[in-house]
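Undergrad: Pasting in a structure now, in C-alpha cells, and then I'll have a few things to ask.
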Amino acid sequence: MPGPDLPPSAAPMTTEALLTRWPTAAQKVELLNGVMVFAGDFDERDLETARRTYPGRRPVLNADGGLEVHPAGPGALTPLVNRAVGVPEPEDGA
C-alpha cells in the first residue's frame with residue numbers, strides 16, 4: 001500500500017511526490033517521464049530499500065551505478081540511463 005504522498009504504483013511519479021522522498025545519499029535526482037533517476041553509487045542494499053520506500057514500483061540499478069524507480073507494469077524493464085548510454089538490451093527480453 002503506497003504512502004499518502006505517493007501516486008498509485010502503476011502511475012508515473014509526480015514532481016510533488018518526488019520532492020518529499022529524496023534518498024539522503026543521492027548526489028542528484030531527476031524526474032524523467034515519470035521515472036525517478038537517482039545519481040550516485042548504489043548497490044543491492046539500496047535496491048531493497050527502494051522496494052520498501054516505493055511499494056509496488058520497479059526499482060532498478062542502471063549502467064551508471066544510479067538507481068531508477070519506474071512505475072509498476074508488465075514486461076522487461078530497461079533502465080533509461082542504459083538506453084541513453086547504448087547498453088544493449090538482453091536478447092531474451094528479460
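The values are calculated or read from the model by the stated rules, or taken from the named source; none is laboratory data. Values in this document were obtained by computation on a predicted structure and should not be read as measured data.
Undergrad: State yes or no: is Thr24 farther than 16 Å from Pro79 by Cα, modelled with pLDDT of 85 or more and not in a strand (DSSP E or B)?
TA: So Thr24 fails the test.
Undergrad: Identify, from the list Met1, Met36, the residue that is of a type outside the set (Val, Ile, Thr) and at pLDDT 85 or above.
TA: Met36
Undergrad: With the condition kept exactly as written, say whether any residue in the stretch 46-58 is at pLDDT 70 or above, small (Gly, Ala, Ser) and assigned to a strand (DSSP E or B).
TA: No, because not a single residue in the stretch 46-58 is at pLDDT 70 or above, small (Gly, Ala, Ser) and assigned to a strand (DSSP E or B).
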